[in-house]
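Could you have a look at this structure, given as structure tokens, before my questions?
The values are calculated or read from the model by the stated rules, or taken from the named source; none is laboratory data. Being a predicted model, the structure only gives us computed values, none of them experimental. Cβ placement follows ideal geometry from the backbone for every residue including glycine, while neighbour counts extend to all protein chains displayed. Side chains are part of the model used for accessible areas, which takes the heavy atoms of the whole protein and leaves out ligands, DNA and RNA. Shrake-Rupley method; radii C 1.70, N 1.55, O 1.52, S 1.80 Å.
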Amino acid sequence: MDFYIKNSNIQGKGLFTKKAINPLEVLPIANLYDKNNKFQFDKKGRSIGPMGFVNHSYDSNCHLHYIPSENGYFLRAHKLIKPEEELTVDYDFNPSGLKKARDYNPPLR
């Protein structure tokens, strides 16, 4: 799957897809963890990697999905996402009441 970062109409930069994504499809996008099982951040407090560019929307098209075999959270589409559409999550509708990635450190099982 092809993803890219560009200016967002929501806030700052956002993560977009070049191809259509089907509902329930798990995307190869996850947060990176440090040795203490905490999300890794850059100097600006953004999650390192593409997950740091996923913006909030109350009408989101993705959610965080825990995959035990991978020992981490990945994005999963919950509706059809069209090519060139921005990937979004509802920060209030994710495990443990995610507000921002920097405030959320899910336990790794």
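Counting only residues 5 or more places away or on other chains, whose amide H sits under 5 Å from the amide H of GLY72 once H atoms are built in the peptide plane?
ILE67
Long-range amide H contacts for THR88: which residues qualify at under 5 Å (H placed 1.01 Å from N, peptide plane, sequence gap of 5 or more or a different chain)?
It is ASN61, CYS62, by chain and number.
I want to make sure I understand the PRE zone here: with the label point 7 angstrom from the Cα of TYR58 toward its beta carbon, which residues in region 1-29 have backbone N atoms less than 20 Å away?
What the label zone holds, given the 20 Å backbone N cut-off, is 9-12.
Which net charge results for the neighbourhood of SER57, defined as the other residues with beta-carbon distances under 10 angstrom from its beta-carbon, given Lys and Arg at +1 and Asp and Glu at -1? Present the calculation step by step, with values, prior to reporting the outcome.
Values: positive: none; negative: ASP59, GLU86, ASP90.
Charge balance in the 10 Å sphere: -3.
What ranking of ILE21, ILE67, ILE5 comes out by heavy-atom accessible area, probe 1.4 Å, highest first? If you can, show how the numbers build up before the last one.
Numbers: ILE21 0, ILE67 35, ILE5 80 Å².
Per-residue accessible area, sorted high to low, gives ILE5, ILE67, ILE21.
Could you report the accessible area of PHE16 in Å², rounded to 10, computed with a 1.4 Å probe on the protein chains as they sit in the structure?
Number for this one is 10 Å².
Using the Karplus curve 6.51 cos²θ - 1.76 cosθ + 1.60 with θ = phi - 60°, what ³J(HN,Hα) values do you get for each residue of region 8-21, in whole Hz, with x for Gly and Pro?
Using θ = phi - 60°, the values come out as 9, 7, 8, 6, x, 9, x, 9, 10, 10, 8, 10, 5, 10 Hz.
Also, quick follow-up: As a test question: what accessible area, to the nearest 10 Å², does HIS63 have when a 1.4 Å probe is rolled over all protein chains in place?
Near enough 40 Å² of accessible area.
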